[in-house]
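Single-structure report; data block below.
The values are calculated or read from the model by the stated rules, or taken from the named source; none is laboratory data. Values in this document were obtained by computation on a predicted structure and should not be read as measured data. Note: ideal-geometry Cβ built from the backbone for every residue, glycine included; neighbour counts use all protein chains shown. The protein model used for the area step is the full one, side chains on, heavy atoms only, and it has no ligands, DNA or RNA in it. Shrake-Rupley method; radii C 1.70, N 1.55, O 1.52, S 1.80 Å.
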Amino acid sequence: MAKYLGKRIFYIILTLFIVSTITFFLMKLMPGTPLTNQAKLTPTQIHQIYKQYGLDKPVWQQYLVYLGGIIHGNFGTSFQFSNQPVSYLISSRLGPSLIIGGQGMVLGVLAGLVVGAVGAIKANTWVDTSATIISILFISIPSFVLAVLLQYYLGLKLRLFPIADWGGFMYTVLPTLALAASPLAETARFMRTEMVDVLSSDYIELAKAKGLNKVGIIYHHALRNSLIPVVTIIGPLAVNIMTGSMVVENIFSIPGIGEQFVKSILTNDYPTIMGLTIVYSAMLCVVLLITDIVYGLIDPRIRINK
Amino acid sequence: MADNAKQTSADDFTPIAGADRAKLDDEKIATPSLTFLQDSWRRLRKNKAAMIALGLLIILFILAFGSHFFETHNPNATNPNFANLPPKIPGIDINGLNGTLDQSGERVNAYAQAHAGNNWYLLGTDYLGRDLFSRILYGTRISLEIALIASFFDLAFGVVYGITSGWIGGRVDTLMQRIIEIMLSIPNLVVMVLLILVLKPGMTAIILSIAITSWINMARLVRAQTLELKNQEFILAARTLGESSWKIAFKHLLPNLSSVIIINLMFTIPTAIFFEAFLSYIGIGISAPQASLGTLINDGQKNFQFLPYQMWYPAIVLSVLMIAFNILGDGLRDALDPKSRE
């Protein structure tokens with residue numbers, strides 16, 4: 001186990017190193033500078049600003065300085081908010097994103113499990129058909145359309161929830177719903193297939209033959225065994241949530257990293273884009289590592305032995 | 001049935017003998033032999049939802065690629081006098097289609113206010129007076145074009161990568177899998193955004209960025225299937241006959257991979273459509289004055305409270321496009337891979 005963990009962590013560090021290298025050199029390839037759209041500056045002023053941001057050194061030196069900074073959690077200074085360190089910008093905005101992302105994930109997966117399980121138990125009836133329709137709709141309707149509709153109908157028309165801004169649980173409800181749609185649909189589809197498989201397996205037949213009641217069979221045998229593989233789709237779902245959060249946070253003006261990412265893209269704030277790219281990759285790596293470990297722990301058939 | 005069986009006795013049957021027996025061709029296969037694709041098509045045809053989706057997609061394809069013949073106005077021509085006109089179809093008097101708007105509780109004829117005369121716009125106009133219907137058709141065409149190009153890259157790169165990795169195996173496989181693992185731990189959207197920033201927003205940047213991220217899933221699935229097929233007898237037989245390794249891979253392996261490839265392709269397409277709309281929506285995709293479903297939704301959303309049709313129509317078209325591809329993909333999976341059905 002320790003050896004496996006060590007190997008995985010080594011790969012995570014390697015991945016993050018490659019990601020930061022690629023982003024660094026891509027950003028160097030970028031046309032224009034952050035000063036392109038500024039008011040007229042004298043060459044001395046420009047030189048001074050370059051010196052302040054370390055842009056006067058050769059590229060390889062900038063790269064080494066940058067890598068050294070990352071190891072100490074320093075991503076440089078934001079171009080957009082003058083003198084604000086990127087690491088502060090990110091850490092102060094991480095909270096809201098984690099809250100709505102986490103809530104969306106939990107709600108989506110739990111609701112998806114229920115929808116998928118009910119669909120499988122009532123396979124090929126109208127219940128199953130409506131469960132399938134729900135998951136196809138939620139997979140197909142883009143998060144930004146859903147978010148706007150939720151905001152308008154539940155927020156503005158019915159006045160059930162605040163339409164935007166951040167401050168307390170009520171403000172998280174609509175963004176959470178918008179983010180939960182895609183994990184719900186994916187989980188439901190996956191769960192249905194798994195459960196239909198399990199329900200037609202021999203040990204379920206045996207349980208039926210033994211005369212166990214239906215609820216007991218479903219709860220003790222079918223449900224638990226179909227739950228295990230669902231762990232494997234948590235990683236891809238986390239990617240969906242990250243993608244969704246970029247627009248959902250924008251629509252509900254939540255001060256999170258997704259909103260910041262889009263803002264930085266539109267304002268050419270390279271240091272922030274680089275920092276957020278690394279943070280997103282690191283979060284995904286951690287989610288993937290945790291799900292793999294959990295999967296090994298809960299399914300005795302899969303042992304981590306390397 | 002059981003009663004009838006009892007009533008028949010052995011005398012009711014006469015054996016065919018002599019010349020009649022020779023004429024009888026009892027080895028004949030009565031039903032026509034079907035190829036793999038014909039058989040799948042037969043199964044797909046039975047799936048009503050998939051056929052409706054296919055029909056819808058064909059209609060959308062014809063409308064989008066023939067948009068030159070169907071568009072009622074130039075999609076990029078602005079006309080400030082006719083800005084924000086609601087949908088109107090002459091002769092139909094239903095609120096929402098008769099050119100009237102809800103202004104503080106009263107229905108107002110927007111066309112009369114704008115002195116539009118006999119002009120009419122099927123789905124209304126946007127804030128610059130551009131015809132929404134023509135713009136939606138144009139946006140759909142861009143979505144479909146990007147989907148087609150993304151699936152081409154999926155085939156050209158993902159399939160080859162997967163076969164190579166699985167077929168050669170050993171150290172090459174390990175290296176190729178490590179590369180995929182690293183690609184997988186960077187969120188797709190982040191890769192796309194970085195590329196688009198470097199290449200400056202536009203059609204080429206979007207296509208390249210979708211192409212670079214879309215092949216990974218295909219490569220993984222194709223590799224897994226290749227590993228499974230690699231050790232089967234028909235491959236061994238081809239080897240024993242002295243076929244070259246690459247010939248086996250393309251002649252014997254590829255046809256057996258076709259169902260995996262087709263199914264995965266059907267799920268690449270809606271993903272590509274989604275990402276194009278997403279990027280255009282956040283403002284780094286297709287740039288003005290060109291229309292994309294993403295930019296149309298973004299524009300429409302600003303006026304959603306007062307002119308809801310400006311967001312509803314592009315949003316519906318985008319959703320229908322995604323739903324139809326997803327349903328067709330589900331149907332194709334059931335048709336091509338009957339084992340996956342319970």
- [ ] Look at the range A:130-147 and say how many of its residues are more than 10 Å from chain B (Cβ to nearest Cβ) and open to solvent by 30 Å² or more (accessible area, probe 1.4 Å).
- [x] 3
- [ ] Name every residue in the range B:308-330 that is open to solvent by less than 10 Å² (accessible area, probe 1.4 Å), out of contact with any Phe, Trp or Tyr (no Cβ under 8 Å at 6 or more places or on another chain) and more than 7 Å from chain A (Cβ to nearest Cβ), in order of residue number.
- [x] B:Pro314, B:Leu321, B:Ala324
TODO: Determine if the range B:96-110 includes at least one residue that is surrounded by fewer than 19 Cβ atoms within 10 Å (Cβ to Cβ) and assigned to a helix (DSSP H, G or I).
DONE: no
Task: Among residues of the range B:185-196, those that are within 8 Å of chain A (Cβ to nearest Cβ) and open to solvent by 20 Å² or more (accessible area, probe 1.4 Å), counted - done: 3
Task: Unique residue being surrounded by fewer than 20 Cβ atoms within 10 Å (Cβ to Cβ), within 9 Å of chain A (Cβ to nearest Cβ) and on the phi < 0 side of the Ramachandran plot when the list is B:Gln305, B:Gln301, B:Gln290 - done: B:Gln305
- [ ] Considering each of A:Val127, A:Val115 in turn, give the residue that is assigned to a helix (DSSP H, G or I) and surrounded by fewer than 21 Cβ atoms within 10 Å (Cβ to Cβ).
- [x] A:Val127
TODO: Please work out which residue is farthest from the chain's Cα centre (by Cα), limiting yourself to the range B:8-50 and to residues that are assigned to a helix (DSSP H, G or I) and basic (Lys, Arg).
DONE: B:Arg21
TODO: Scan the range A:242-256 for residues that are in contact (Cβ under 8 Å) with a residue 24 or more places away in the chain, polar (S, T, N, Q) and open to solvent by 20 Å² or more (accessible area, probe 1.4 Å) and jot them down.
DONE: A:Ser253
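For every residue, the table says whether it meets (1) touching a Phe, Trp or Tyr at 6+ places or on another chain (Cβ under 8 Å); (2) away from chain B (no Cβ under 14 Å).
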{"position": "A:Tyr4", "(1), (2)": "no, yes"}
{"position": "A:Lys7", "(1), (2)": "no, no"}
{"position": "A:Trp60", "(1), (2)": "no, yes"}
{"position": "A:Phe75", "(1), (2)": "no, yes"}
{"position": "A:Val86", "(1), (2)": "yes, yes"}
{"position": "A:Gly102", "(1), (2)": "no, yes"}
{"position": "A:Met105", "(1), (2)": "no, yes"}
{"position": "A:Val109", "(1), (2)": "no, yes"}
Task: Among (1) more than 12 Å from every other protein chain (Cβ to nearest Cβ); (2) of a type in the set (Phe, Trp, Tyr); (3) surrounded by 19 or more Cβ atoms within 10 Å (Cβ to Cβ), the one test that B:Phe278 misses - done: (1)
TODO: Looking only at the range A:74-82, decide whether some residue is part of a helix (DSSP H, G or I) and either touching a Lys or Arg at 6+ places or on another chain (Cβ under 8 Å) or open to solvent by 30 Å² or more (accessible area, probe 1.4 Å) (or both).
DONE: no
Open item on the list: So if I check each of A:Leu237, A:Leu212, A:Leu206, which one is of a type outside the set (Gly, Ala, Ser), open to solvent by 10 Å² or more (accessible area, probe 1.4 Å), within 22 Å of A:Val118 (Cα to Cα) and in a helix (DSSP H, G or I)?
Closed with: A:Leu206
Open item on the list: So the check is Cβ under 7 Å with 6+ separation or different chains; which pairs have a first residue in the range A:280-306 that's more than 18 Å from A:Lys3 (Cβ to Cβ) and modelled with pLDDT of 80 or more and a second one that's open to solvent by 60 Å² or more (accessible area, probe 1.4 Å) and assigned to a helix (DSSP H, G or I)?
Closed with: A:Thr291/A:Thr232
